Structures are given as C-alpha cells and as structure tokens.
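The values are calculated or read from the model by the stated rules, or taken from the named source; none is laboratory data. Remember, it's a predicted structure, so these values are computed and weren't measured experimentally. Quick reminder, even Gly has a Cβ in these numbers, built from the backbone with ideal geometry, and neighbours come from all protein chains shown. Just the protein is used for accessible areas: all its heavy atoms, side chains included, with ligands, DNA and RNA removed. Shrake-Rupley method; radii C 1.70, N 1.55, O 1.52, S 1.80 Å.
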Amino acid sequence: MTARDYELFDLGAVRLQRGGTLPSAFLAYKTYGSLAADKSNVILYPTSYAAHHTDIDWLIGPDRVLDPSRYFIVIPNQLGNGLSTSPSNLPEPHGLGRSPLFTHWDNVHAQKRLLEEKLGVTRLALAYGWSMGGQQALHWGAIFPDRVERICAVCTSARTSPHNKVFLEGIRAILTADPAWQGGCFVERPVQAIRAFARVYAGWAMSQAFYRERLWEGIGFSSLEDYLVRAWEGNYLRRSGEDLLSMIETWYQSDISDNALYQGDLTKALGAIAARAIIMPSVTDLYFTVEDSEAETRQMPNAEFRPIQSIWGHRAGNPIQNADDERVLRSAVQSLLSTR
C-alpha cells in the first residue's frame, strides 16, 4: 500500500449550499514550499475535473509554472474527487443513491476554512486554476474579493455555458446508461460506461487539429487506439462512477453569481472581482470557448484577456506534454506576480 502523501482537514458538520448537512466532512490537501513569516506568498491551486493533487502538481517546481522556492502553494482536492469528502467515501445514509450536491460555493468556503483555521492564512497572493480549478479561482475572486490579490484562470468560465452543459449532459447520460446504474447508484463498477465516457471526452478535450496532425505520436502513443485506451480510458477508470457524476454536477452548477451575494447577476459578480487577473482560454477549446471567455473578461475591472494560441484544445491549459504551452502559462504567472 502506498503511503498517503497528503493531509486531511476536518471540517466537522457542513451545511451545503443546496441543502442538507454532512455530519462530518473533510478536505484532502497538500502544500508545497514554505510559508513566509508574513504569510504573503500563498498560492491556491484547486483541482480540476476528476483530478487529484498528484495529477496537477507536475507544474510546481523552480522552473515550472508555480515556483515552490518562492511561494507556498496549497492544492485542496475539490469535494467529490475521491480524496476529499465524496460519494465514494460517504458513510450511510449518504451515498447509495443519496449523494449530496456539492457546489463551488461549498468548495471555496471549505478552502477558506482550511487556510484560516489550519494555516493561519487570510489572503492569497494568487488563485490559480485550470478548468474546474479555474472556476474555483473565479469564485474566490467574486465571493472573497478582499482576500485575493491576483487570479490566473485558464480554460475555464465564471458561469457554465449552455453549450458546455450539453457536453456535460452527454457524458452524464453515458455513465447512467450502464446496466450497473440502478436506483440512483452503481451496484457494481461501470467499466463499460467509463470506457465509453472516456472516448467521448477525448473528442471534446482535444482539438480537431490535434487529431489531424496526429500529435499523439509525439507523446508516446503508437496509434490512435493506443492513445484512447491508455491516455483516456486509463485516466477515468481510476475514478469511481459516483464521483465522476458528482463532479459533473458541480461543474454543471458552476456560476459565481448563483448565491445570496449576487442573486444570479453575473455582471455584478464579475464586476466585484477586484483582483488583478489574467484570463487564458485556449483558442481551440471546444467547451470553454474564446468568445465566452472574452465576454466575461470584459466585465472584470482588472482583467487581461490572454488567449493561448494552441491546437491542444482544452488541454492547452494543462500542458504536461507540451512545453510551448507551459511556457505561455509560466510567462503569465510571472507577469502577474511581478505586479502589485
């Protein structure tokens, strides 16, 4: 058995935004680097869809996007991802078709408690995030505008668009079409559905040009089938079906204005983000589109719109196999952190 490389923060009883109370909840998190004496060097880096901290911490390093020799980086695993409180680890009566709905409101309030109660941190130098992690970074900016100095939000949105919801409806339908889905839960591991889910996901996450130019050949795959099996099926088969569904719903519900502060007024919520921000869509992202991202950025008072010119689609924002796009992200973060 592999030793656990992360810590747990006990949240105790948590009342969720959409109703219901979890008698006992927790956040799994990991920190990198050293906290400055004045606690001014904190970067929050929330997880993306289906990711654990181990899937996204590759970009932490002295010569990477986030530098742990200068900054104290905190990765909180989002609720529902299998490490923090999730359907797969909830005790009865939750789970078994009674899994609660987690929102990003729930995520960022749990993260705020972790930072304050465990680490003594009340202000972020930077909230950085890709995809669902970027949604959480923008929630931080809108919900706690006086606590975030800078935001770098990559391939993401402040509110999930209707077209993005069509994608989510599709992958949710695939999972729940499995014969193992009975009575609102999986009665056995839905291998058939997760394999199909992964292949559909692969068509949305990477651009048409990525496939046309056969870029999988340059990153260690011998054929398109090899790429789909190892890179996509292998990725999602690591996760519980219930957890995949839980995170789909969190993504579907994502909206920085869907709360008592803004009462659905997205313009007001975007206008409240005081942080210096760089918003970075990929020009070939098929579900977080450049047009949607630009429209949101125009409504943020201190935001720069900086698209990533890449054919890697959505994965331009998580370029573990693409040094060119990593350099673009590193440059953006360096420019943000060099300004006050």
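With a Förster radius of 22 Å applied to the beta-carbon distance between TYR211 and ILE320, the computed FRET efficiency rounds to 0.75.
For the stretch 88-245, the relative contact order works out to 18 percent when only alpha carbon pairs closer than 8 Å and six or more residues apart are counted. Residues LEU215, LEU11, LEU96, sorted by accessible area with the largest first, give LEU96, LEU215, LEU11 [1.4 Å probe; ligands and nucleic acids excluded].
Go ahead and set up a Gaussian network model of the chain, Cα springs under 10 Å, then flag whichever of PRO319, PRO179, PRO46 fluctuates most. With Cα springs under 10 Å in the chain, the top fluctuation among PRO319, PRO179, PRO46 is at PRO179. Label reach from GLU294 (point 7 Å along Cα→C-beta): in the stretch 251-279, amide nitrogens under 17 Å belong to 279.
Taking 20 Å as the cut-off, the amide N atoms of the stretch 77-92 that come nearer than this to a point 7 Å along the Cα-to-beta-carbon line of ALA13 belong to 85-86, 90-92. Working from Cα pairs under 8 Å separated by at least six residues, relative contact order for the stretch 212-340 is 17 percent. Note on the chain: lysine pairs with Cα distance below 30 Å, sequence gap of 8 or more or different chains, count 8.
In the chain, Cα pairs under 8 Å separated by at least six residues give a relative contact order of 18 percent.
Could you calculate the contour length gain from SER335 to LEU96, that is, 0.36 nm times the residue separation minus the distance between their Cα atoms, to one decimal place in nm?
Full-extension gain reported as 81.3 nm.
Our note on the geometry: Cα centres of the stretch 214-292 and the stretch 11-36, 22 Å apart. Out of these labelled values of Cα Rg over 2.2 N^0.38 Å, (1) 1.32; (2) 0.99; (3) 0.94, which was calculated from the coordinates shown here? Computed from these coordinates, Cα Rg over 2.2 N^0.38 Å corresponds to label (3).
The GNM of the chain, with springs linking C-alpha atoms under 10 angstrom apart, assigns the highest mean-square fluctuation among SER207, SER40, SER240 to SER40.
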